[in-house]
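The block underneath contains the structure these notes are about, expressed in structure tokens.
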Amino acid sequence: MTLEPAQSGGAALEESEEQKRVLGVVVGDQPGPTLVCIGGVHGNEPEGIAALERVFESLSEHPQQLRGEFVGLAGNLPALSKGLRYIDVDLNRRFLYGKANTDAADPTSEDRQRNELARELESIFCRATDGVFVIDLHTTSGNSVPFVVMGDTLANRSFAWNFPIPFTLGLEEHLDGTLSEYLTILGHTSLTIEAGQQNSSAAVDNAEAAIWLGLAAAGLIQEHNAPRVRRSREILARTASSLPRVMEVYYRQPILPDDDFRMEPGFDNFDRIAPGRLLARNRSGEIRSRWYGRLLMPLYQQQGSDGFFVVRELRTEWLALSAVLRRLHIDAIVHWLPGVTRHPTRPETLVVDRRVARWYSVEVLHLLGFRRRRSIGGVLMVSRRRRGGN
């Protein structure tokens with residue numbers, strides 16, 4: 001096994017971008033899968049980088065039987081050096097499929113970071129000899145237990161079950177250009193781990209635990225050879241035992257320029273909410289809940305365009321049913337549903353006439369992986385990934 005040591009923290013932020021994009025590389029003695037972990041896509045979330053440094057240090061001090069390749073990368077380097085979420089725009093909204101390697105006429109700082117990070121990832125993917133797994137490490141501005149965010153493919157689900165924390169589906173319906181979604185479209189297994197609250201030692205501990213579990217789940221190490229994997233599972237299992245295992249996002253509160261959005265104080269991630277509950281304020285006045293559900297990622301920082309999300313529990317039986325339907329390729333006849341037709345030019349898009357479609361049509365489409373939604377008048381357009389599995 002060969003290992004290139006991780007860069008140290010702190011002073012390394014002052015070094016050149018080329019010197020600290022790659023935090024560490026471990027190549028096993030035997031070929032196998034590739035795991036890439038990325039920290040600091042948001043520059044005010046360095047906890048993932050600190051966790052990666054711990055793991056690389058442990059691997060250097062206590063070599064294990066590792067197959068394949070493990071790589072740690074840093075995300076938004078200029079923002080990390082300044083402790084800001086981003087410099088010009090949110091890097092985690094710039095990975096639009098087909099545009100990650102293009103050069104804009106007047107690129108932002110994040111455009112340049114996106115292109116450099118995409119090129120580094122492409123190099124890793126090109127040398128991979130087996131499956132590729134990616135974990136994007138983040139933290140939240142509000143108090144939170146760790147949880148997983150993922151695009152709803154069967155491969156992502158299978159990977160997510162290895163982490164004993166809640167996971168959420170459907171965020172990709174509300175956000176464009178996230179790194180994890182981009183990687184899923186490319187056909188790789190990709191998850192985002194929200195490790196806890198920013199600037200907390202617990203978030204670093206949780207991120208480190210997630211990395212060890214990712215190494216085992218991706219098949220790079222065997223759990224019986226790695227006591228840290230067992231301890232990591234225990235650490236994460238204790239954090240959210242009272243929460244539903246699977247939840248889906250069904251509302252996003254956008255923040256517009258000059259909106260003067262202010263989240264009401266005191267909310268924790270996954271707090272229960274009910275209709276009428278005062279959640280936030282903006283220039284238009286109070287923002288009160290219209291839903292029964294749980295609050296996801298309330299915004300308690302200056303930068304950001306998402307005020308909060310609302311999630312609800314998703315029964316695991318629905319996931320099992322959807323897996324069966326996808327493996328049977330029921331999507332080939334889904335356009336037989338009332339009010340559902342295929343888009344004339346986009347093979348992965350369906351057109352739903354809500355004046356004709358039955359109430360259950362969208363739910364069935366969700367089961368089959370059609371989750372990206374755009375509404376135009378009385379017509380709903382739903383799409384799934386062109387690549388990335390079922």
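Sequence-ordered 3J(HN,Hα) estimates for the range 248-254 from the Karplus curve with 6.51, -1.76 and 1.60 and θ = phi - 60° stand at 10, 7, 10, 7, 10, 9, x Hz, glycine and proline given as x. Distances between placed amide hydrogens fall under 5 Å for Tyr86 paired with Gly43, all partners being 5 or more residues away or on another chain.
Cβ-Cβ distance of Ile330 and Tyr251, R₀ of 35 Å, FRET efficiency by 1/(1 + (r/R0)^6): the value works out to about 0.80.
Residue-wise HN-Hα couplings along the range 316-323, as the Karplus relation 6.51 cos²θ - 1.76 cosθ + 1.60 with θ = phi - 60° gives them from phi, are 5, 4, 5, 5, 5, 5, 5, 4 Hz; Gly and Pro carry x. Spin-label model, Glu116/Ser242: points 7 Å from Cα along the beta carbon direction are separated by 4.4 nm. Between Ser109 and Tyr97, the simple spin-label model (points 7 angstrom out along Cα→Cβ) gives 3.1 nm.
Taking the convex hull of the alpha carbon positions in the chain and averaging its projected area over all directions gives 20.0 nm². Which residues' amide hydrogens lie under 5 Å from the amide hydrogen of Leu314, considering only partners 5 or more residues apart or on another chain, with H built in the peptide plane? Answer set, sorted by chain and number: Val246, Met247, Glu248.
Highest mean first, the peptides 34-46, 329-341, 284-296 sorted by other C-beta atoms within 10 Å per residue fall in the order 34-46, 284-296, 329-341. Using the alpha-carbon positions of the range 263-355, Rg (one decimal) and Dmax (whole number) come out as 19.2, 50 Å. Close amide-amide hydrogen proximity is noted between Tyr300 and Ser141, Gly142, each under 5 Å apart and 5 or more residues distant or on a separate chain (H modeled in the peptide plane; Pro and chain starts excluded). Note on the range 139-271: with neighbouring protein chains present and a 1.4 Å probe, carbon and sulfur make up 46 percent of its accessible heavy-atom surface. Residues within the reach of a label modelled at His343 (point 7 angstrom out along Cα to beta-carbon, backbone nitrogen below 19 Å), restricted to the range 172-191, are 172-178, 181-187.
Multiplying each eigenvalue of the alpha-carbon gyration tensor of the range 32-71 by 5 and taking the square root yields semi-axes of 22, 14, 4 Å, largest first, rounded to whole angstroms. Neighbours of Val132, meaning other residues whose beta-carbon lies under 12 angstrom from its beta-carbon, give a summed charge of -2 when Lys and Arg score +1 and Asp and Glu score -1. Dividing the radius of gyration of the alpha carbons in the range 53-204 by their Kirkwood radius gives 0.95 for Rg/Rh. Mean silhouette area of the range 125-262, derived from the convex hull of its C-alpha atoms and averaged over all directions, reads 10.0 nm². Spacing of the modelled spin labels on Glu317 and Asp88, each 7 Å from Cα toward Cβ, amounts to 5.2 nm. Using every pair of separate Cα atoms, the Kirkwood estimate puts the hydrodynamic radius of the range 153-216 at 12.9 angstrom.
The calculated FRET efficiency for Ser58 paired with Phe125, based on their beta-carbon distance and R0 = 30 Å, is about 0.70.
The values are calculated or read from the model by the stated rules, or taken from the named source; none is laboratory data. Quick caveat, the model's predicted, so the values are computed rather than measured. Backbone-built Cβ (ideal geometry, glycine too); neighbour counts: all protein chains shown. Areas reflect the complete protein model, heavy atoms only, side chains present, ligands, DNA and RNA absent. Shrake-Rupley method; radii C 1.70, N 1.55, O 1.52, S 1.80 Å.
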